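Heads up: the structure comes next, in structure tokens.
The values are calculated or read from the model by the stated rules, or taken from the named source; none is laboratory data. Remember, predicted model here, so these are calculated numbers, not experimental data. Glycine gets a Cβ as well: all are built from the backbone with ideal geometry, and neighbour counts include every protein chain shown. We work out accessible area using only protein heavy atoms, side chains counted, and drop any ligands, DNA or RNA first. Shrake-Rupley method; radii C 1.70, N 1.55, O 1.52, S 1.80 Å.
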Amino acid sequence: MRTAYSVETVRAAERELMARLPQGALMQRAAAGLAAVCAGLLRRVYGARVVLLVGPGDNGGDALYAGARLARRGAGVTAVPMDPERLHAGGLRALLAAGGRVAPDVPGQADLVLDGLVGIGGRGGLRPAAAELVEQIPAGVVVVAVDLPSGVDADTGEVAGPAVRADVTVTFGAYKPGLLIDPGASRTGALRLVDIGLSLPEPDAEALQHADVAALLPAPTASSDKYRRGVVGIVAGSAQYPGAAVLAVAGALRGGAGAVRYVGPAADAVLARYPETLIGRGRVQAWVVGPGLGAGRAAEVAEVLADPVPVLVDADGLRGLDPEVLRARPAETLLTPHAGEAAALLGTSREAVESARLSSVRSLAARYGATALLKGSTTLVSRGGGPVRVNPTGTAWLATAGSGDVLSGLAGSLLASGLPAVDAASVAAYLHGLAGRRAASGAPLLAQQIAESLPEAWRGVQAP
């Protein structure tokens with residue numbers, strides 16, 4: 001599992017470690033790891049042209065010391081300072097002693113640019129001097145960010161104005177949430193972690209990997225039957241949106257439960273596509289309610305919420321939810337809104353949710369006493385306490401009608417199979433993202449193709 005820690009947590013761990021190490025040792029560890037990554041990206045170090053964009057903080061020092069190491073191996077290294085009067089003194093001495101030089105402007109040609117302008121403590125966007133240097137980065141050059149791309153908020157992933165778009169980000173000691181959450185995540189490129197020996201507490205965010213998902217996937221045993229594997233009930237669809245029911249059932253049938261029970265007005269459409277579906281009410285281990293319901297169906301939502309089993313609420317089912325009702329439920333509730341629905345639930349604007357996704361998903365979970373899955377370019381899952389789960393899979397092609405219905409059915413099926421809500425939501429988002437990526441292959445896709453690709457995604461995470 002990839003774990004991420006807030007700036008405050010990382011800074012505290014760095015202070016504790018620096019108190020036990022010789023002065024400057026921690027920066028040298030970081031610079032050594034950074035230089036090694038840069039050397040691996042260059043076809044050859046000797047004769048390579050390397051440009052350092054250098055800010056006044058420790059990130060600038062990391063860049064200068066790494067540049068010195070590359071210069072000693074024969075690279076031509078040029079440091080371009082954001083503020084010539086505030087360069088890291090020790091790093092500058094090391095670079096000049098190794099044969100590097102300082103220039104006022106970014107050279108027109110380079111093989112690699114090292115972004116050491118702003119560290120993890122930067123907030124509120126780039127200063128004009130830093131933004132000007134970023135604009136001078138030559139097109140097509142490999143850009144390596146030091147700790148995080150300058151202009152990205154390390155704690156939230158927010159980007160306020162111009163920011164570096166890196167091909168590789170080399171981060172020190174721990175991942176930071178802003179490296180995993182869009183829009184910052186889309187600017188990090190490939191992530192490389194350099195271990196500098198930090199001792200860290202519980203993370204602020206975490207991202208599942210293949211092995212984590214494989215360990216959570218439900219699997220039948222020799223004694224399993226369809227009821228022991230779980231039955232998920234789907235209350236979805238309407239005369240206007242029958243396809244939502246079909247797609248939710250499609251996701252549920254591929255989600256690990258033994259059976260899917262459909263309740264609603266789209267039974268004919270569901271059976272025509274999936275004759276294995278059970279029709280009508282009966283005992284279930286979890287419910288999905290909301291996709292394509294339309295208006296005026298609040299009584300059906302209330303009836304589902306009154307059943308003491310886990311319930312996933314999506315789409316139209318999210319309208320007018322009462323936090324006190326959800327808090328009083330004896331079983332888990334999973335809410336799966338997109339940004340607009342989340343804004344309505346929180347009494348704010350869609351823009352406010354999009355600009356602060358991490359705090360928004362935490363607020364949703366806390367206010368409603370539920371697990372919240374906030375859909376978007378980076379899907380986030382919060383249970384109200386502990387680390388926020390950040391989904392690392394997916395593609396922009398998933399932004400298509402019906403995609404969320406498939407996700408709801410899949411997550412509901414995982415709930416019925418016995419997974420806790422936070423795991424059901426996280427695993428569903430992961431598989432849904434993989435399936436979407438496989439189905440799209442760089443081209444537009446249909447929601448039904450996502451459902452059809454789920455078995456391949458399921459097998460893929462279990463492959464040795």
Filter pass, residue 94 being modelled with pLDDT of 95 or more and more than 25 Å from residue 24 (Cβ to Cβ): no
Check residue 67 against each of (1) in contact with a Phe, Trp or Tyr (Cβ under 7 Å, 6 or more places away or on another chain); (2) buried (at least 21 other Cβ atoms within 10 Å of the Cβ) and name the one condition it does not meet. (1)
Given the criterion of a type in the set (A, V, I, L, M, F, W, C), free of Cβ contacts under 8 Å to residues at least 24 places away in the same chain and out of contact with any Phe, Trp or Tyr (no Cβ under 9 Å at 6 or more places or on another chain), identify the matching residue among 356, 366. 366
Tell me whether region 377-400 contains one or more residues that are modelled with pLDDT under 95, under 24 Å from residue 153 (Cβ atoms), among the aliphatic types (A, V, I, L, M) and in a helix (DSSP H, G or I). yes
Does residue 419 qualify as being under 17 Å from the mean Cα position of the chain (by Cα) and not polar (S, T, N, Q)? no
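So how many residues does region 424-464 have that are polar (S, T, N, Q) and outside any helix (DSSP H, G or I)? Can you show your working first?
We begin by selecting, within region 424-464, every residue polar (S, T, N, Q); these are 426, 441, 448-449, 453, 462.
Checking the rest, the ones that are also outside any helix (DSSP H, G or I) come to 441.
Selection size over region 424-464: 1.
Any residue in region 37-60 that is of a type in the set (D, E, K, R) and touching a strand residue (DSSP E or B) at 6+ places or on another chain (Cβ under 7 Å)?
Initially, region 37-60 is screened for residues of a type in the set (D, E, K, R), giving 43-44, 49, 58.
Adding the requirement that they be touching a strand residue (DSSP E or B) at 6+ places or on another chain (Cβ under 7 Å) leaves 49.
Looking for residues that are of a type in the set (D, E, K, R) and touching a strand residue (DSSP E or B) at 6+ places or on another chain (Cβ under 7 Å), one finds at least one in region 37-60, hence yes.
Kindly indicate which of 431, 373, 414 is more than 22 Å from residue 237 (Cα to Cα) and surrounded by 23 or more Cβ atoms within 10 Å (Cβ to Cβ). Step through it out loud before you land on a result.
Working: 373 fails: more than 22 Å from residue 237 (Cα to Cα); 414 fails: more than 22 Å from residue 237 (Cα to Cα).
Just one listed residue meets the conditions, 431.
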Out of 426, 403, I need the residue that is of a type outside the set (Val, Ile, Thr), modelled with pLDDT of 95 or more, within 22 Å of residue 184 (Cβ to Cβ) and open to solvent by less than 20 Å² (accessible area, probe 1.4 Å). Which one? 426
In region 99-130, what count of residues is obtained for those that are surrounded by fewer than 18 Cβ atoms within 10 Å (Cβ to Cβ) and of a type in the set (A, V, I, L, M, F, W, C)? 3
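Quick grid of which residues meet (1) free of Cβ contacts under 8 Å to residues at least 24 places away in the same chain; (2) farther than 20 Å from residue 163 by Cα:
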| position | (1), (2) |
| --- | --- |
| 80 | no, no |
| 84 | yes, yes |
| 93 | yes, yes |
| 98 | no, yes |
| 112 | no, no |
| 118 | no, no |
| 122 | no, no |
| 125 | no, no |
| 131 | no, no |
From the option list 145, 154, single residue qualifying as of a type in the set (Gly, Ala, Ser), closer than 30 Å to residue 3 by Cα, touching a Ser or Thr at 6+ places or on another chain (Cβ under 6 Å) and open to solvent by less than 30 Å² (accessible area, probe 1.4 Å) is 145
If you go through region 417-447, how many residues are polar (S, T, N, Q) and farther than 28 Å from residue 309 by Cα? 1
Checking the structure you have, find out if any residue of region 233-243 is touching a helix residue (DSSP H, G or I) at 6+ places or on another chain (Cβ under 7 Å) and on the phi > 0 side of the Ramachandran plot. yes
Residues (within 37 Å of the chain's Cα centre (by Cα) and within 17 Å of residue 136 (Cβ to Cβ)) located in region 85-105: 105
Within the group 186, 224, which residue is small (Gly, Ala, Ser), surrounded by fewer than 20 Cβ atoms within 10 Å (Cβ to Cβ) and closer than 19 Å to residue 380 by Cα? 186
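Could you list all residues from region 1-25 that are in a helix (DSSP H, G or I) and open to solvent by 20 Å² or more (accessible area, probe 1.4 Å)? Write out each step before concluding.
Start the filter on region 1-25 by keeping residues that are in a helix (DSSP H, G or I), which leaves 7-18, 25.
Within region 1-25, 8, 9, 11, 12, 14, 15, 16, 18, 25 qualify.
Quickly run through region 237-282 and pick out the residues that are among the basic types (Lys, Arg) and over 35 Å from the mean Cα position of the chain (by Cα). First the steps, then the outcome.
First pass over region 237-282, keeping only residues among the basic types (Lys, Arg): 254, 261, 273, 281.
Within region 237-282, just 281 meets the criteria.
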Looking at residue 50 and the list (1) over 21 Å from residue 173 (Cβ atoms); (2) at pLDDT 95 or above; (3) open to solvent by 20 Å² or more (accessible area, probe 1.4 Å), which single condition is not satisfied? (3)
